[in-house]
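Engineer: Got a structure for you, questions after.
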Amino acid sequence: MLDKMVRDEMIFYATTNDYSDADRYERFALACKLDEKAEEIGGVVRSLVGQMTRNARPLRILETASATGLTAVGVTFALAQVSVNHVYTALDIEENLLRHAWLRGRGDQFVRGDFERLPFAHSLFDISIMMGAEGYRSKGMFYTEAYRVLSNCS
């Protein structure tokens, strides 16, 4: 059963789509244990990197719907454990969530944009991450766009 606060916050975000209070959203994300999920994602990324053929340049990571940057923390920590140099690009449509992440150093590049119309060139990234925003794919273009910007796909 969901904690009342978590349930109330889920209802709030589902009905208002109001992400103007980044601190409130992060408290909700932490109550949902998204920081623990971020650590798991970091482990998956570290495992993927171990299976990739790589050149000398930094690994290029794109996270769409990045919110306050909790996933960036988990991924960066996991890659630091195996000394993998990377550039982490955070994309979110909510400017205040990106600013929250930027102020806390949760990523390297911060881009405001729609994950169904990615503002990036073809084949730019090595890894694409999205945690938890699948339900917002109103146009059905997310997978097409992710495929387009991944370097081993296009």
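Engineer: Going by alpha carbons, how many degrees (0 to 90, nearest 10) lie between the helix axis of 34-51 and the longest principal axis of the chain?
Structural biologist: 10 degrees
Engineer: Right, something else. Could you work out how much longer the chain between Arg148 and Phe77 gets when fully extended? Use 0.36 nm per residue separation minus the Cα distance between them, nm to one decimal.
Structural biologist: Contour length minus the Cα-Cα distance gives 22.8 nm.
Engineer: Do the sum for the chain: with -39,500 (n - 2.57) for every DSSP H run of n ≥ 4, divided by all residues, what is the mean residue ellipticity at 222 nm, to the nearest 500 deg cm²/dmol?
Structural biologist: Result for the chain, helices only: -14000 deg cm²/dmol.
Engineer: For the chain, with only Lys/Arg (+1) and Asp/Glu (-1) charged at the beta-carbon, what is the dipole magnitude about the Cα centre, in debye rounded to 20?
Structural biologist: Dipole magnitude for the chain comes out near 460 debye.
Engineer: Order Arg57, Arg148, most accessible first, counting only protein heavy atoms with a 1.4 angstrom probe.
Structural biologist: Listed by decreasing accessible area, they come as Arg57, Arg148.
Engineer: Here's a follow-up. For segment 1-111, take N as its residue count and report Rg(C-alpha) divided by 2.2 N^0.38 Å.
Structural biologist: Normalised Rg, Cα atoms only: 1.15.
Engineer: Let me ask something else. Quick check on the chain: of the DSSP beta bridges with both residues there, what percent are antiparallel, nearest 5%? Mind dumping the intermediate values first?
Structural biologist: Values: 1 of 16 bridges.
Counting DSSP beta bridges with both partners in the chain, the antiparallel share is about 5 percent.
Engineer: Compute the length gained on full extension between Arg57 and Arg117: take 0.36 nm times their separation in residues and subtract their Cα-Cα distance, giving the result in nm to one decimal. Write out the running numbers ahead of the final one.
Structural biologist: Details: separation 60, 0.36 × 60 = 21.60 nm, distance 2.61 nm.
That pair, Arg57 and Arg117, stretches by 19.0 nm at full extension.
Engineer: Could you work out the relative contact order of segment 1-140? I mean the mean sequence separation of Cα pairs under 8 Å and 6+ apart, divided by the number of residues, in percent. Spell out each step's value before the answer.
Structural biologist: On the way: 192 pairs, mean separation 34.7, N = 140.
This gives 25 percent for segment 1-140.
Engineer: Also, quick follow-up: Restricting to DSSP loop positions (anything but H, G, I, E, B) with no more than 14 other Cβ atoms inside 10 Å of their own Cβ, which trypsin sites (Lys or Arg not before Pro) remain in segment 1-81?
Structural biologist: Qualifying residues, ordered by number: Lys33, Arg54.
The values are calculated or read from the model by the stated rules, or taken from the named source; none is laboratory data. Predicted, not measured: the structure shown is a model, and the values here were computed from it. Cβ: placed from backbone, ideal geometry, glycine included. Neighbour counts: every protein chain shown. Each accessible area value is taken on the protein alone, full model and side chains, heavy atoms only, with ligands, DNA and RNA left out. Shrake-Rupley method; radii C 1.70, N 1.55, O 1.52, S 1.80 Å.
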